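This report refers to the structure that appears directly beneath it.
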Amino acid sequence: MLSLLVSCKVDSIFNQQSEYEKYVEALHTIELAKTALAQDWIKAGRITSENSLSVSLPYTELTRFDPANPKSVILKYTVKEGQNIQIYLQRISDDSSKVFLNAFAVGEKGMKEVAHEADSDSLKYHVEEDAEHLIRIQPELLRGGLYKIHIGFSATLAFPVPGKTFENISSYYGDARDAGRRKHEGIDIFSPRGTPVVAVMHGFVRRVSNNNLGGKVIFVSGGGYSYYYAHLDSQLVNIGQRVKLGDTLGLVGNTGNAITTAPHLHFGIYSMRKGALNPYPFFASTKIDENIKLSDSTFLGTYHRVKNMKVNLREAPTTKSSILKSLDKNSLMLVDAALNNWYRISLPDGEKAFIYKTLVEKADENSLKSIVLTDSTRLKDSYIQKSGYFSGSLKDTVEVLGDYKNYQLVKFPNGYYAWYKAS
């Protein structure tokens, strides 16, 4: 019913807005934004430094969106010019709700939206310059479910040597040359002499020449770039010739300064504005991680506590990433998502981080101790709640599950959770 109400309003809103922006404006139009749940949903979608974490691509996680507890997934990642970024959602427990996917470029002057999608479970976009990007994933209000989220990238160009891929690159952009006096401005792909080299995309032949460094070379222009083929044994095209993707341009050799090395293609990409570019991102691609266990879904949205004396929370799911803070034994956190060996978590005060799975345990499987509430016990429904209430006539025996700073989390016999300030 909510989707129908909102959809009736969005058509009259400025068409160039993203679907997410239209949806938020429609919530205000029909005055749903005044409700507490809608306000929580809007707040969950606001992007701040506190609610975004850094990940490396490819990245896959298992997460659950609770319709009664609005949240979004906000992740930062580094992109390289030439990549096609791909974000996929795999619906496991729900197949009907609208999910908003919004990608942003993050710069010194703020954020700029680069792509968005709401009518499909995938978002794909091309990267035109190296940058930090951010994705926000959020289901519509009052909808949720269990999802796998995958963020990766794919090639934008065909590989210049048929039968080989980016995994066959032997020498990389930036490698030292001539005892460090210069850097390699391309990639090398070793292949038998006479192997065809092909056009990586449609274009036209700009230059066919011979020089001391590259030997027999060909330049092909297309798509805003110039593609350089060097050390060829033979050149099979002419200046000004139009070529299509996959057309043979020449044959692998070792001419020029490669005369003492095995036959190989040196391939480079040049931009009129930037000069030599790293070709690797134009060819590289990632695979979807299928190893995350669905059984980990039982831990999502549950409190876990630290098992060891002191553990580190990380900015990204790797021990090479920055340490955000350290936690003592029995400190509590909520599991937001499961990766292969890591959890993405929220601390009781809302701070986000990653922690290695084996460092924590599910809190309510074994309580730390039992206590009896007294009339003076002051409780809070959530850690961040400013005011609390006295337990009053409640004389329940409750289980202490863990702590955070100077508060402890207790569980009542009926399954209800509350926080109280430890004495």
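Net charge dipole, the chain: roughly 860 debye, given to the nearest 20, about the Cα centre with Cβ charges of +1 for Lys and Arg and -1 for Asp and Glu. With the simple model of a label 7 Å out from the Cα in the direction of the Cβ, Thr35 to Tyr389 spans 2.3 nm.
Given the alternatives (i) 0.89; (ii) 1.32; (iii) 1.27, Cα Rg over 2.2 N^0.38 Å as computed for this entry is given by (iii). Taking Cα centre as origin and charging only the Cβ of basic (Lys, Arg, +1) and acidic (Asp, Glu, -1) residues, the dipole magnitude of the range 129-188 rounds to 140 debye. For the range 43-189, list log₁₀ I(q)/I(0) at each q in 0.15, 0.16, 0.21 Å⁻¹, using the Debye formula over Cα point scatterers of equal strength and ignoring solvent, two decimals each. Computed log10 I(q)/I(0) values: -0.83, -0.91, -1.31. Couplings 3J(HN,Hα) for the range 119-132, derived from phi with the Karplus relation 6.51 cos²θ - 1.76 cosθ + 1.60 (θ = phi - 60°), are 9, 9, 8, 9, 10, 10, 8, 9, 9, 9, 7, 4, 5, 9 Hz, where x marks Gly and Pro.
Put the Cα centre of the range 301-380 next to the Cα centre of the range 72-151 and the gap is 27 Å.
Would you mind ranking Ile292, Ile323 so that the residue whose beta carbon has the fewest other beta carbons within 10 Å leads the list? Don't jump to the answer; show the numbers that get you there.
Details: Ile292 17, Ile323 11.
With the fewest neighbours first, Ile292, Ile323 line up as Ile323, Ile292.
Judged by the mean number of other Cβ atoms found within 10 Å, the most tightly packed of the peptides 77-86, 64-73, 120-129 leads the ranking 77-86, 64-73, 120-129. Taking max minus min of the alpha-carbon positions on each principal axis, the range 369-421 gives extents of 24, 21, 17 Å, largest first. Above 13 Å lies some portion of the pair distances; for the range 176-249, what is it as a whole percent of all C-alpha pairs? I get 67 percent for the Cα pairs in the range 176-249 exceeding 13 Å.
Could you work out how much longer the chain between Leu213 and Ser154 gets when fully extended? Use 0.36 nm per residue separation minus the Cα distance between them, nm to one decimal. Before the final figure, lay out each step's value.
Details: separation 59, 0.36 × 59 = 21.24 nm, distance 3.16 nm.
This chain segment gains 18.1 nm when fully extended.
Can you figure out the FRET efficiency of Asp364 with Arg46, using R₀ = 25 Å and their beta-carbon distance, to the nearest 0.05? Walk me through the numbers on the way to the answer.
Working: r = 31 Å, r/R0 = 1.23.
Step by step, r from the Cβ atoms, then E = 0.20.
Evaluate the Debye formula for the range 13-103 with equal point scatterers sitting on the alpha carbons, no solvent, and hand back log10 of I(q)/I(0) at q = 0.12, 0.21, 0.23 Å⁻¹, in q order, two decimals. The Cα Debye sum returns log10 ratios of -0.48, -1.32, -1.43. To the nearest ten degrees, helix 36-45 and the longest principal axis of the Cα atoms of the chain are 30 degrees apart.
Helical runs assigned H by DSSP (4 residues or longer) give the chain a calculated mean residue ellipticity at 222 nm of -2000 deg cm²/dmol, each run adding -39500 (n - 2.57) before division by the residue total. Compared with the dominant Cα axis of the chain, that is its longest principal axis, helix 19-29 is turned about 30°.
Take the Cα of Lys109, step 7 Å toward its Cβ, do the same at Tyr172, and the gap between the two points is 3.3 nm.
When the chain is treated as a GNM with alpha-carbon contacts under 10 Å, the residue of Ser154, Ser285, Ser295 showing the greatest mean-square fluctuation is Ser295. Considering the options Ile371, Tyr225, Val99, tell which one lies farthest towards the positive end of the dipole of the chain, charges being +1 on Lys and Arg and -1 on Asp and Glu at the Cβ, about the Cα centre. After comparing all options, I get Tyr225.
Along its principal axes, the range 111-236 has C-alpha extents of 67, 34, 28 angstrom, given from the largest down. A simple spin-label model places the labels of Thr286 and Asp130 1.8 nm from each other, with each point 7 Å out along Cα-to-Cβ. Relative to its residue count, the range 101-169 spans a Cα convex hull of 143 Å³ per residue. Can you tally the net charge around Ser321? Count Lys and Arg as +1, Asp and Glu as -1, for every other residue whose Cβ sits under 10 Å from the Cβ of Ser321. Combined, the nearby Lys, Arg, Asp and Glu give +1. A Cβ-based charge dipole, computed about the Cα centre of the range 166-283 with Lys and Arg at +1 and Asp and Glu at -1, lands at about 400 debye.
Please give the FRET efficiency for Thr319 paired with Leu294, using the beta carbon to beta carbon distance and R0 = 30 Å, rounded to the nearest 0.05. List each step's numbers first, then the result.
Working: r = 26 Å, r/R0 = 0.86.
Efficiency, rounded to the nearest 0.05: 0.70.
With the cut-off at under 14 Å, measuring from each backbone N in the range 117-147 to a point 7 Å along the Cα-to-Cβ line of Ile92 picks out 145-147. Maximal additional length on extending the Lys405-Gln17 stretch stands at 135.4 nm, based on 0.36 nm per residue less the C-alpha distance. What fraction of the Cα pairs in the range 266-423, stated in percent, has a spacing above 19 angstrom? Pairs farther apart than 19 Å: 62 percent.
Readers should treat all values here as calculations from the given coordinates under stated rules, not as data from a laboratory. Computed from a predicted structure; not experimentally measured. As a convention, Cβ positions derive from the backbone with ideal geometry for all residues, glycine included, and neighbour counts pool all protein chains shown.
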